[in-house]
Amino acid sequence: MKTKNHFRHLAFAIVLLLLAIGFEAFPQKVDCFVITAPTKQFYNIKKIGVMEFSGNREAGQMLADLMIANLLREDRGILDLQSGFMGLGKKTEGVTYVKGFKTNVYTVIERNQIDQIMKEQRLGLSGAIDESTAAKVGAILGLDAIIIGNVNYEKKEDNTSNSYKGIDGKSYTKNCKIRSVSSTASMKLIEVSTAEIIGVETADVRSEDKQCNDDRPKILSYNQLLNNSLNEISTKFVNYFTPGYGLVRFDLEKIKVKDLKKQAGEASDYLESGNLERAFPLFQAIYEADSYNPKAAYNLGVVNEMVGSYDEAIEYYGIASQLDPTNSTFDEALKRAKAGKLAVEFLKSIGKPIEKFGFAAAGGDVLADKITLKGKSSDRVDVREYPDKGAASIAKVPGGLQFNVIEKQGDWYRIKLLNNKEGFVHQSDVD
């Protein structure tokens, strides 16, 4: 019992320590969705169709319809995120800071149009659809490419039972039902003008649900599990040839240089709250003040990657990697930014360019310490000619305003006013 209490007290002390230091030992993390490049990029495809997959008819229709739905989505890849410590909080909406990018880059025809052509031309009566047949259908519909494939699935259900002792010392039995669907599919991307296969992708996905004791009736149906597995396959197939969004968790590097530490913390807080316009000039100024610091270069790369400015992200990630070639995070970020640049170039080539995110340049005093005057806008605070309460007041400024600090002299702050005049404010007038 003494040992248990010891560990309990130790765990409690660790929690208190983490709270006291504000998790200082851990880097700040920012989750956001950025552009992800497809496995293969096809510059001559603008109009596309998806035929019913052969194999299992039910699964074949479902997979084709799921792929069409994915191709028509404007924000494919952006999902809700679990918030809170260790993902225990409520779900939050996934966000992106890339402007002007929509994932529905192709014109997609509905499957019923293909079915209608198949009936009119009496195609596919023998069962399997080959490349030439698919290309013929695509040509009639004026497509650049058409997708065919095969899909099958297997269902499985198991019942398990095991005994265990509860905390009350009594014996209990846990009865569980495990239901699963395993789906296997292959996809071929056919160029209509040549009837050639220009892309191939395969997928094997298992979807499972497990419920125990009184919850066993709540187990997902086979149809729900099949839909889950085919939706995952659909996403993989569409991502093979279409750019989308992908979640990146950016670990911001902590700047430990004494003169820059405070401003770096502010910049990270701004970025974490989604205020990139305030974060960027701070990160830029920190890098310019300490341009041989790989962490400063990396953080500036992060904010550029978040908005899709890949040329700039590559530049700063490259500097960080050059200054610290042993840091795998910098190397991975550089590779990711280069892939993102290829995706942006592809989008531009097909007439779907993203918008440039306009950052304001960092001012010369962006790193200056700042103070906020006490009071409301209706109040007035005296700014003195020199650091003495008997000195003449050169301005009476509203409370609540923020000013850059030029220097601190004892209990007084020398500040720059909006008209570029300088004066002194006593610390008793400062929040």
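In table form, for the structure just shown:
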| quantity | calculated |
| --- | --- |
| Residue check for residue 27: assigned to a loop (DSSP other than H, G, I, E, B) and either at pLDDT 90 or above or under 30 Å from residue 123 (Cβ atoms) (or both) | no |
| Residue count, the stretch 370-413 (criterion: on the phi > 0 side of the Ramachandran plot and either modelled with pLDDT of 85 or more or touching a helix residue (DSSP H, G or I) at 6+ places or on another chain (Cβ under 8 Å) (or both)) | 2 |
| Test result for residue 188, assigned to a strand (DSSP E or B), assigned by TED's automatic domain parsing to the domain that holds residue 213, touching a helix residue (DSSP H, G or I) at 6+ places or on another chain (Cβ under 8 Å) and over 17 Å from residue 58 (Cβ atoms) | yes |
| Qualifying positions in the stretch 52-76 - assigned to a helix (DSSP H, G or I) and surrounded by fewer than 18 Cβ atoms within 10 Å (Cβ to Cβ) | 57, 58, 61, 65, 69, 72 |
| Unique match (being surrounded by 19 or more Cβ atoms within 10 Å (Cβ to Cβ), in a strand (DSSP E or B) and of a type outside the set (Asp, Glu)) among 146, 114, 129 | 146 |
| Which numbered condition residue 391 fails, given (1) in contact with a Lys or Arg (Cβ under 6 Å, 6 or more places away or on another chain); (2) crowded, with 16+ Cβ neighbours inside 10 Å; (3) among the small types (Gly, Ala, Ser) | (2) |
| Residues of the stretch 183-205 that turn out to be surrounded by fewer than 16 Cβ atoms within 10 Å (Cβ to Cβ) and within 28 Å of the chain's Cα centre (by Cα), as a count | 3 |
| Test set (1) among the basic types (Lys, Arg); (2) surrounded by 15 or more Cβ atoms within 10 Å (Cβ to Cβ); (3) over 23 Å from residue 376 (Cβ atoms) - residue 408 fails condition number | (2) |
| For residue 239: the one exception among (1) of a type outside the set (Lys, Arg); (2) part of a helix (DSSP H, G or I); (3) surrounded by fewer than 17 Cβ atoms within 10 Å (Cβ to Cβ) | (3) |
| Residue 309 being touching a residue at least 40 places away in the same chain (Cβ under 8 Å), among the polar types (S, T, N, Q), within 30 Å of residue 108 (Cα to Cα) and outside the structural domain of residue 160 (by TED's automatic domain parsing) | yes |
| Single residue of 158, 168, 209 found to be among the acidic types (Asp, Glu), farther than 24 Å from residue 42 by Cα and touching a helix residue (DSSP H, G or I) at 6+ places or on another chain (Cβ under 9 Å) | 209 |
| Qualifying position, being of a type in the set (A, V, I, L, M), surrounded by 16 or more Cβ atoms within 10 Å (Cβ to Cβ) and in contact with a Lys or Arg (Cβ under 7 Å, 6 or more places away or on another chain), among 151, 137, 105 | 105 |
| Selection count, the stretch 171-182, where residues are small (Gly, Ala, Ser) and either buried (at least 18 other Cβ atoms within 10 Å of the Cβ) or not assigned by TED's automatic domain parsing to the domain that holds residue 140 (or both) | 1 |
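The values are calculated or read from the model by the stated rules, or taken from the named source; none is laboratory data. Because the structure is a prediction, the values reported are computed rather than measured. All Cβ positions, even for glycine, are placed from backbone atoms using ideal geometry, and neighbour counts span all protein chains on display.
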